[in-house]
Amino acid sequence: MIGKPDQVAPAPVWGCVLIGGKSSRMGRPKHLLQREERTWIERTVALLRLCVDRVIIAGAGSLPPSLAEIPRVDDVLGLEGPLTGILAAFRRYPDVSWLVAACDLPDLEEGALRWLLASRVPGVLAILPDLAGDGRVEPLLAYYDRQCRPLLETMAATGQRRMQWLRQMAGVITPQPPVVLRPSWRNVNTPQELGQLGP
């Protein structure tokens, strides 16, 4: 059946792994930490590939040989924080929507990614989970629709660096994930936190 001329095909959803942080508290690149005989970034990329057609990496840093051919984008100069990598992905691939994941989520599971994708509805620009229901959202394991780019460009142009700013914008939803999925959002920043992880 031929669609109507004004119908627009949905944007593809790709995965973007952010590795641009300085890892100053950890003292070494977090994306290269290992668990179960592979690096965190290898695990994150593998999980994203289960849910999307293509994955890229945003930020500078060495990669394991297994990821040598993966597309990469450089962080946007002049910005700070995760906005640098997220906006870089939007600018390089403007017709794509994104599942964004930080590189320091060792308990990330496929179910959390599937939940984000299932939470999309028409008109939603971003899905920033609110784990505790207290208004604090999690922008580093989140969904950003292609149409969210103007909001990100506004942040860059006005000097707004905190991704929390997005939660007040129309079209940005902040649902609570099921309890069983919430460990996926736990990030690890220090050697002490790393030592508390299971094998």
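Summary table
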{"item": "Every residue from segment 137-186 that is touching a helix residue (DSSP H, G or I) at 6+ places or on another chain (Cβ under 7 Å) and free of Cβ contacts under 8 Å to residues at least 40 places away in the same chain", "result": "VAL137, LEU151, TRP165"}
{"item": "Segments classed as helices (runs of 4 or more DSSP H), wholly inside segment 49-167, with at least 1 members that are surrounded by fewer than 19 Cβ atoms within 10 Å (Cβ to Cβ) and touching a Leu at 6+ places or on another chain (Cβ under 8 Å)", "result": "110-118, 149-158"}
{"item": "Residue that is farthest from VAL73 (Cα to Cα) [pool: residues in segment 1-40 that are of a type in the set (A, V, I, L, M), surrounded by 11 or more Cβ atoms within 10 Å (Cβ to Cβ) and modelled with pLDDT under 80]", "result": "MET26"}
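The values are calculated or read from the model by the stated rules, or taken from the named source; none is laboratory data. On a predicted model such as this, the values are computed, not experimentally measured, just so you know. Note that each Cβ is placed from the backbone with ideal geometry, even for glycine, and that neighbours are counted across all protein chains shown.
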